[in-house]
1. Taking A:Leu61, is it outside any loop (DSSP other than H, G, I, E, B), within 24 Å of A:Val214 (Cα to Cα) and in contact with a Leu (Cβ under 6 Å, 6 or more places away or on another chain)?
2. Residues B:Leu161, B:Leu144, B:Leu167, B:Leu186: which one is among the hydrophobic types (A, V, I, L, M, F, W, C) and modelled with pLDDT under 90?
3. Every residue in the range B:230-263 that is crowded, with 17+ Cβ neighbours inside 10 Å, in contact (Cβ under 8 Å) with a residue 60 or more places away in the chain and part of a loop (DSSP other than H, G, I, E, B), please.
4. When you look at A:Glu91, is it in a helix (DSSP H, G or I) and either of a type in the set (Asp, Glu) or surrounded by fewer than 24 Cβ atoms within 10 Å (Cβ to Cβ) (or both), yes or no?
5. Can you go through A:Ala75, A:Ala64, A:Ala71 and tell me which one is in contact with a Lys or Arg (Cβ under 9 Å, 6 or more places away or on another chain), in contact (Cβ under 8 Å) with a residue 40 or more places away in the chain and crowded, with 24+ Cβ neighbours inside 10 Å?
6. From the list B:Arg114, B:Arg133, which one is among the basic types (Lys, Arg) and under 21 Å from the mean Cα position of the chain (by Cα)?
7. Conditions: (1) under 25 Å from B:Leu29 (Cα atoms); (2) more than 9 Å from every other protein chain (Cβ to nearest Cβ); (3) surrounded by fewer than 24 Cβ atoms within 10 Å (Cβ to Cβ). B:Leu201 meets all but one. Number of the miss?
8. Kindly indicate the residue of the range A:170-203 that is of a type in the set (Gly, Ala, Ser) and more than 15 Å from the chain's Cα centre (by Cα) and also farthest from the other protein chains (Cβ to nearest Cβ) among those meeting that condition.
Amino acid sequence: MRPDRNTFLTIATMLLFGLLLSQAETFLGDYQIYIVKLIFINAILALSLNLIYGFTGMFSLGHAGFIAIGAYVSALCILSPEQKEMMWILEPIIWPFSELFTPFWISVLAGGAVAALCAIVIAVPVLRLGDDYLGIATLGFAEIIRVVIVNATPVTNGSLGIKGIPSHATLLSCYGWTLFTLVVLARLVFSNFGNVLRCIRDNEIAARVMGINVFGYKVLSFCLGAFFAGVGGALLGTHLSTIDPKMFNFLLTFNVLMFVVAGGLGSLTGSLLGAGIITILLEWLRAIEEPMDLGIIELPGIPGMRMVVFSLVLLAIILYRREGIMGTRELTWKSLGGLFGRGKK
Amino acid sequence: MEESRWLVRERKKVSDGTLRRDADQTDTLLQATNVTMRFGGVTAVSGLDLALPKGRIAGIIGPNGAGKTTAFNILSGFYTPQEGSVVFNGVDIRGRSPADICRMGMARTFQNIRLSPQMTVLENIMVGCHVRRRCPWWMAPLGLPAFYREEEEIREKGRKLAQRVHLADNIAEQAGSLPYGAQRRLEIARALATAPELLLLDEPAAGMNPQESLDLMHFIGHIRDEFGLTILLIEHDMKVVMGVCQYIWVMEYGALIAQGDPDTVRSNPDVIRAYLGEEASLEKGL
């Protein structure tokens, strides 16, 4: 890829945005920064699922499992031995986890790596299944991971979860990890390997006849997706500072799936947009869970109302715009130029 | 002498003469011997013998359900036959995966076109180039120069092949939006991108008008010479088969009923009966 005008524009935008974020504290409140960080983390999760589902066509519902693994592994890495000794009250933490203590970035990578390793173990039996069966099997695996976390008390502190995870995930580091994910996936997906993955998605038989090791690439895509899910999970853990097994239920997978579907299956920029818009909407819709006074009638606050609205939104997307915001297209400088009516070729 | 290479039965007679057999193996690119494929109680292909020398264009014809496509699926590795052997380039490919067989130099197209409709013409062809690539996947995120050089090579090769199948102007179009004939040509281009020695074409002229079929005939001849290919095709269009093939096998109910050069096959009463029905054979006074 020779450096051209568009590459330059992209890098300049990335730097400019980074600069803007480094000054964010001057013009954004704590709550807004919290949301922006969540958007970045959700974008990583959406991108990783998009690689698996959008580009390779594997309907995986096990994302929450990989996110959980990433969050737990990184939390174990990042907490100091003393903190861990204090926190594990049900059963003492076992070696080597008790002595594990690494810098933030290593803990994030470790979270991703362990998630990817688990993905290999899961992939080998499960990826031989297709479509719906794959969804059911991965859903089951995510549940297994959750149950293991609940019961492996000497490692995970069981259902009490892990609290007081140091908040290393600053705005800039979240942005950095999102960029890292985006660049790795974009380079892969926009190279011929991306074409190969899409060919597997569209027509597996044709891919096999073209000499493509279909199973190998499915495993690769699944593990890479799991790696970034683990990275996202690690960031989520330090961002929220508390993790417990209940967080990583099917609803989390559902949320990530919603980002991907709303953004457009098979579009990286779509995933970014989907994660951004839906994260904001999810926060904004908290208002409807509070008691409302509509003048004539007074509505009591109904907890869970947010998800009702959201499920309806998802239903509407699937009914009226199945391809999502972007479809399989990407937001490029060319298309942006066209949008503003001065597209140059 | 020339004829004898085609005929398996004759070859068998001389199989004890080692010298002759070695000479045959270098010349024969694809050899199927007594291949039998059964699905449950149905025998789709029974005792099929084929021997295809390098550099030829040969055809398999036969009425619907004769087992032609099953034969193709066996040759390209989708089915493993219960009996018999398939030797490609001196290697027994029975039980190998389709991907392996493609790597060994066999490419094929499909009766029902199998392209990625949402991908562009160029991207579809580039998928075919993948099997010959040297750089592994992890070089992509690292952005190594060697990787981009190869990526550029693949793109260039894709462009050239698109030009070769007269799709140079449609390179950025979605494959699904192309007319039927163009999709067929694209599928051939994608198969060529895998750098094959043997190309299997499953009904390449299906759904084409007479002019397109005629063009296709010439096209098949040209790509054979240009890429040094051996071509085996299944076809219903008799004009195409008779015009382009140097040798023809005729199948009916899973078995070979006749073989020979087009003229021999054309005048074979069994073929006329099987292919055109009883009436035609009566009309011809056979």
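The values are calculated or read from the model by the stated rules, or taken from the named source; none is laboratory data. These figures come from a predicted structure and were not determined experimentally. Counting neighbours? That spans all protein chains shown, and the Cβs are built from the backbone with ideal geometry, glycine included.
1. Against the criterion (outside any loop (DSSP other than H, G, I, E, B), within 24 Å of A:Val214 (Cα to Cα) and in contact with a Leu (Cβ under 6 Å, 6 or more places away or on another chain)), A:Leu61 does not qualify.
2. Details: B:Leu161 fails: modelled with pLDDT under 90; B:Leu167 fails: modelled with pLDDT under 90; B:Leu186 fails: modelled with pLDDT under 90.
Only one candidate passes the filter, namely B:Leu144.
3. B:Glu235, B:Cys245, B:Gly254
4. no
5. Testing whether each residue is in contact with a Lys or Arg (Cβ under 9 Å, 6 or more places away or on another chain), in contact (Cβ under 8 Å) with a residue 40 or more places away in the chain and crowded, with 24+ Cβ neighbours inside 10 Å leaves just A:Ala64.
6. B:Arg114
7. Here B:Leu201 clears every test but (3).
8. If we filter the range A:170-203 for residues that are of a type in the set (Gly, Ala, Ser), which is where we start, we get A:173, A:176, A:186, A:191, A:194.
So of that shortlist, the ones also more than 15 Å from the chain's Cα centre (by Cα) come out as A:173, A:186, A:191, A:194.
Details: A:Ser173: 20, A:Ala186: 9, A:Ser191: 5, A:Gly194: 9 Å.
Looking at the filtered set, the residue picked out is A:Ser173.
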